[in-house]
Amino acid sequence: MANESATLLPMRDGVTASTVTLPMGNWRTLLDFLCDNFRGISPETWLGRMDAGLVTGSNGKPLGAETAFQAQSIVHYYRALEKETPIPFEEHVLFQDDYIIAVDKPHFLPVMPAGKYLQETLLVRLKRKTGIDALTPMHRLDRETAGVMLFVVKPETRGAYQSLFLHKRVQKKYLAIAPYNENTALPLTRKSRLQVSGHFMRMQEAAGAPNSETRIELVEHRNGLGRYALTPVTGKKHQLRVHMAALGLPILGDRIYPEYIAEERESFENPLQLLASEIAFIDPVLGSQRIFQSRKTLRFPAEQI
């Protein structure tokens, strides 16, 4: 129903206005519709946004509490959170030109706004810093994972860059710290079928034709732990974490695999020891080789992290 869109509203504190096309229905006012369809947002919050001119029509003119509901009309609004926990880690720009921004993402920082994260996301932080309203992620990277994350600068080249990942024309390398087992013969290639499990956050291996593939190599080991080089051939959600856990080598700091561990409060201790260390591809616009490497490192627990 709602989506991020370039609108008549300018970017505000790094946040692009969202757009909703009103469906068919019998709501009396726009406010009635908004309260009924966005129940996580209080009527007082919507009234505050309207009073501040942060809810507009397609012509950019502010809409108020008594604006009549009109099906198929377009409404723009800014998303905001009343309380958001600061994430005390900074991203670092590795490279920037007219087409791409490469960033070293820290652990715990989400890439995209969702749920309880808005200002404390990599996308919004970068929009604030660069002033580039059209900035768009080129691919996915879990909140818990650190390392190289790429963004597209120009809307007209977005499809070309994002299609690289869709068609497996990108070489990605990861590093991980996990238990060492001398009985696990490495290197090896893990192939399995991944599907959504009963828990909304978790993926699981299942019977059937493989749809995921990861190359796993041991770099070094000490004191019962190993440093692993992981090369995904496919890009399924949580693929590396599921494959390592399935081998009996769950990545240190993983609170989802092999078992989900709920947190009572936001904690920035014990980060997932998984790092997107390198991304390489042939640029579809410039035709040149692109290689971006993280400056971060993963250390064994006895060392400073």
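Worth a mention:
- FRET E, pair ASN37, LYS83, Förster distance 30 Å, beta-carbon r, rounded to 0.05: 0.85
- Virtual spin-label span in nm between GLU44 and ALA209, 7 Å along Cα→Cβ: 5.6
- Dividing the Cα radius of gyration of segment 32-76 by 2.2 N^0.38 Å, with N the residue count, gives 1.07.
- The calculated FRET efficiency for the pair ALA52 and GLU264, based on their C-beta separation and a Förster distance of 35 Å, comes to about 0.50.
- In segment 52-147, the portion of solvent-accessible area held by carbon and sulfur atoms comes to 53 percent [1.4 Å probe, whole percent, DNA, RNA and ligands not counted].
- Local electrostatic count, LYS129, Cβ distance below 13 Å [Lys/Arg +1, Asp/Glu -1]: -1
- Estimated distance in nm for a label pair at ALA280 and ASP13, the labels positioned 7 Å out from Cα along Cα-to-Cβ: 4.3
- Solvent-accessible area assigned to carbon and sulfur over segment 155-297 amounts to 48 percent, based on a 1.4 Å probe.
- The chain: proportion of alpha-carbon pairs further apart than 33 angstrom, %: 35
- The Kirkwood radius of segment 80-226, taken over pairs of alpha-carbon atoms, gives through the Stokes-Einstein law at 10 °C and 1.306 mPa s a diffusion coefficient of 88 µm² s⁻¹.
- FRET efficiency, ALA134 to ARG169 (Cβ-Cβ, R0 25 Å, nearest 0.05): 0.60
- Net lengthening on full extension, VAL219/THR234 (0.36 nm per residue, minus Cα-Cα): 3.3 nm
- Cα radius of gyration and Dmax for segment 1-94 (Å): 14.7, 51
- For the pair ALA246 and THR184, the difference between a 0.36 nm per residue extended length and the Cα-Cα distance amounts to 21.1 nm.
- Taking N as the residue count of segment 196-300, its C-alpha radius of gyration divided by 2.2 N^0.38 Å amounts to 1.25.
- Relative to the globular-protein estimate of 2.2 N^0.38 Å, the Cα radius of gyration of segment 9-158 stands at 1.17.
- Per residue, the accessible area of the chain comes to 52 Å², computed with a 1.4 Å probe over protein heavy atoms only.
- Where labels lie 7 Å past Cα in the beta-carbon direction, separation of LYS191 and ILE74 in nm: 4.7
- Sequence-separation-based contact order of segment 206-290, relative, with Cα cut under 8 Å and 6+ spacing, percent: 17
The values are calculated or read from the model by the stated rules, or taken from the named source; none is laboratory data. From a predicted model like this one, the values you see are computed outputs, not experimental measurements. Here the Cβ is made from the backbone with ideal geometry for all residues, glycine too, and neighbour counts use every protein chain on show. Side chains are part of the model used for accessible areas, which takes the heavy atoms of the whole protein and leaves out ligands, DNA and RNA. Shrake-Rupley method; radii C 1.70, N 1.55, O 1.52, S 1.80 Å.
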